[in-house]
Amino acid sequence: MAYLDSPLSQVRAIASARSQLRVRTRPALDAPIVGRLAPGQMVEILGAVEGESVQDQKGWSVLQADAVCWSGGLRQAQPLQDGHFALAPVRVRRRPDGTIRPMSPRECETLFGRIEYRSQPDGSVTILNGFESRLDVLRPPLLPRPPYGATAISVHPLARPAFERVFYRLHKSGLDAGILTFDGAYMARHKGWDTRRALSTHAYGIAIDLNAAFNRYGQPPALAGETGSLERILPVFADEGFAWGGHFSAPWQDGMHFELACHPREPF
């Protein structure tokens, strides 16, 4: 039976797996396994059906015809309406030219939590309060694979929905073809690896670096049309409230860098 024939809900959505999750041909634990989702792996949901109860939850998510997974194994799904996310507008601070300002260190700490740390001579920090254990693993479909990328990244739980939406939109639009290298996300360190400066937003799990070889720190970013330019994907990140390091003032230009600069967005 193809469960798309009569789903309880045909609301499309995206989500990511909480842990390893089996994909089955029908919503029952004795159904054949046709695949597995790795922790943090992103999926597009085509609908929902009722099936065998697991931990008192009967909901199963339809991934494609004859491919379902238990909904309780997915993080909160983000509904799509006509291919778009129905969300409240982003709340960001902007410069006079309209570009997004990054959050201040105090704002980061207030929103994402306090990091207790000990600085190291190389600019990295040792986390003392287990902050990194709060982060979510995310496996987007579009990042270049090793040696030029990663299979998974760690992000703050409050930032994960925004990252999921960005990755989904880039992948669906084909703009992910412009991502040539993945060069870091979570990293416990100071800004610029300089112990005199505040913690980097990478330490909070709210930032990502892409195409670093073409967008060096302290140098002007690659221009539109040049190899490694991130200009085409910039609007997608900006729509979700990410500030771009290419807009930072010299000598701190950082064209590889995107960091979340807004509060989590709520559905309409």
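The values are calculated or read from the model by the stated rules, or taken from the named source; none is laboratory data. From a predicted model like this one, the values you see are computed outputs, not experimental measurements. Cβ placement follows ideal geometry from the backbone for every residue including glycine, while neighbour counts extend to all protein chains displayed. Only protein heavy atoms, including side chains, enter the accessible area calculation; ligands, DNA and RNA are left aside. Shrake-Rupley method; radii C 1.70, N 1.55, O 1.52, S 1.80 Å.
Ratio of segment 178-238's C-alpha Rg to 2.2 N^0.38 Å, to two decimals?
Rg over 2.2 N^0.38 Å, computed on Cα atoms: 1.20.
Against the longest principal axis of the chain, how steep is helix 160-173, in degrees 0 to 90 to the nearest 10, with axes from Cα atoms?
For helix 160-173, the angle is close to 80 degrees.
In Å, what is the Rg of the alpha-carbon atoms in segment 133-200, and how long is Dmax?
13.5, 41
Order the peptides 203-215, 114-126, 181-193 from the highest to the lowest mean number of other Cβ atoms within 10 Å of their residues.
203-215, 181-193, 114-126
Probe radius 1.4 Å, ligands and nucleic acids ignored: give me the carbon and sulfur share of the accessible area of the chain as a rounded percent.
50
Which entry is the computed semi-axes √(5λ) of the Cα gyration tensor in Å for this structure: (i) 26, 22, 18; (ii) 78, 21, 15; (iii) 35, 20, 17?
(iii)
Explain nothing, just the number: dipole magnitude of segment 49-106 about its Cα centre with +1 on each Lys and Arg Cβ and -1 on each Asp and Glu Cβ, in debye rounded to the nearest 20.
Roughly 860 debye, rounded to the nearest 20.
Express the accessible area of segment 111-240 per residue in Å², computed with a 1.4 Å probe while the remaining protein chains stay in the model.
45
Using a 1.4 angstrom probe with every protein chain in place, what is the largest-first accessible-area order of Val62, Val90?
These residues rank, largest area first, as Val90, Val62.
Quick check: convex hull over the Cα atoms of segment 91-223, volume per residue in Å³, rounded to an integer?
Convex hull volume per residue, Cα atoms: 142 Å³.
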